[in-house]
1. Please enumerate the residues belonging to the stretch 101-138 that are in contact with a strand residue (DSSP E or B) (Cβ under 8 Å, 6 or more places away or on another chain), without any contact (Cβ under 8 Å) to a residue 24 or more places away in the chain and open to solvent by 50 Å² or more (accessible area, probe 1.4 Å).
2. For the stretch 128-140, check the following and say yes or no: at least one residue is modelled with pLDDT of 95 or more, more than 20 Å from residue 69 (Cβ to Cβ) and in contact with a Gly (Cβ under 9 Å, 6 or more places away or on another chain).
3. Go through the stretch 139-151 and give me each residue that's surrounded by fewer than 20 Cβ atoms within 10 Å (Cβ to Cβ) and over 17 Å from residue 103 (Cβ atoms).
4. For residues that are of a type in the set (A, V, I, L, M, F, W, C) and open to solvent by 60 Å² or more (accessible area, probe 1.4 Å), tally how many sit in the stretch 63-79.
5. Residue 154: surrounded by 12 or more Cβ atoms within 10 Å (Cβ to Cβ) and not in a strand (DSSP E or B), yes or no?
6. Is it the case that some residue within the stretch 81-96 is open to solvent by 80 Å² or more (accessible area, probe 1.4 Å), modelled with pLDDT of 95 or more and of a type outside the set (Gly, Ala, Ser)?
Amino acid sequence: MRHTRTFWSFLLLVAAACGSSIPDTSESTASSTVTTVAPTTSEAPTTSDAPTTTEQTSTSTTAPADPAPPELEGSWRADLGGGDLVTLTLEGTTYLISRGGNQGDGDIKVVGGTIVFSGSNLCDGVGTYKWSIESGALTFTVSAGDPCAGRFEVLDGVTYTP
């Protein structure tokens, strides 16, 4: 009986500290009152009407998620001459380049007429290109360089068809 009363007393103390109340169900006929106190925060209210902003910076070499628009998505093919065929697949925020038995993939970010290739499984670095589609053909022109020679070779000035 004493352990039960001790348990309920402890439970009431914990409930009061946590901000909720539990009715007293002990055998005592005297009524008891549990007072709850709302937790306080140490932050002072602000009176400024100016919006708050958070600035984030990234040093990652992978492109943030800006997917390819519908007209870029899909598989494209190019003939580099001499039977050297290249397939470029753009899907969402990823790319896959297949040439002969080799494949390279990574991430893309498309903003307007610019596409950024990054996160390659074959080389480090970011390649930035302008892209255009004319008469159903897709062409890339390097605009800010590409340290990945293999990617540069199959993209810069190359015309792809669906």
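The values are calculated or read from the model by the stated rules, or taken from the named source; none is laboratory data. In this text, all values refer to a predicted model and were calculated from it rather than measured experimentally. Quick reminder, even Gly has a Cβ in these numbers, built from the backbone with ideal geometry, and neighbours come from all protein chains shown. With ligands, DNA and RNA removed, areas are computed over all heavy atoms of the protein, side chains included. Shrake-Rupley method; radii C 1.70, N 1.55, O 1.52, S 1.80 Å.
1. Matches in the stretch 101-138: 103, 105, 121, 130.
2. No, that holds for no residue.
3. 139, 141, 142, 143, 144, 145, 147
4. We begin by selecting, within the stretch 63-79, every residue of a type in the set (A, V, I, L, M, F, W, C); these are 63, 65, 68, 72, 76, 78.
When the remaining residues are screened for being open to solvent by 60 Å² or more (accessible area, probe 1.4 Å), the result is 65.
So the answer is 1.
5. Details: surrounded by 12 or more Cβ atoms within 10 Å (Cβ to Cβ): yes; not in a strand (DSSP E or B): yes.
Judged against the criteria, residue 154 is a match.
6. Within the stretch 81-96 (the criterion being open to solvent by 80 Å² or more (accessible area, probe 1.4 Å), modelled with pLDDT of 95 or more and of a type outside the set (Gly, Ala, Ser)), the answer is yes, since at least one residue qualifies.
One line per residue, one yes/no per condition, for (1) of a type in the set (Asp, Glu); (2) more than 16 Å from residue 159 (Cα to Cα):
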| residue | (1), (2) |
| --- | --- |
| 85 | no, no |
| 93 | no, yes |
| 98 | no, no |
| 102 | no, yes |
| 110 | no, yes |
| 118 | no, yes |
| 124 | yes, yes |
| 131 | no, no |
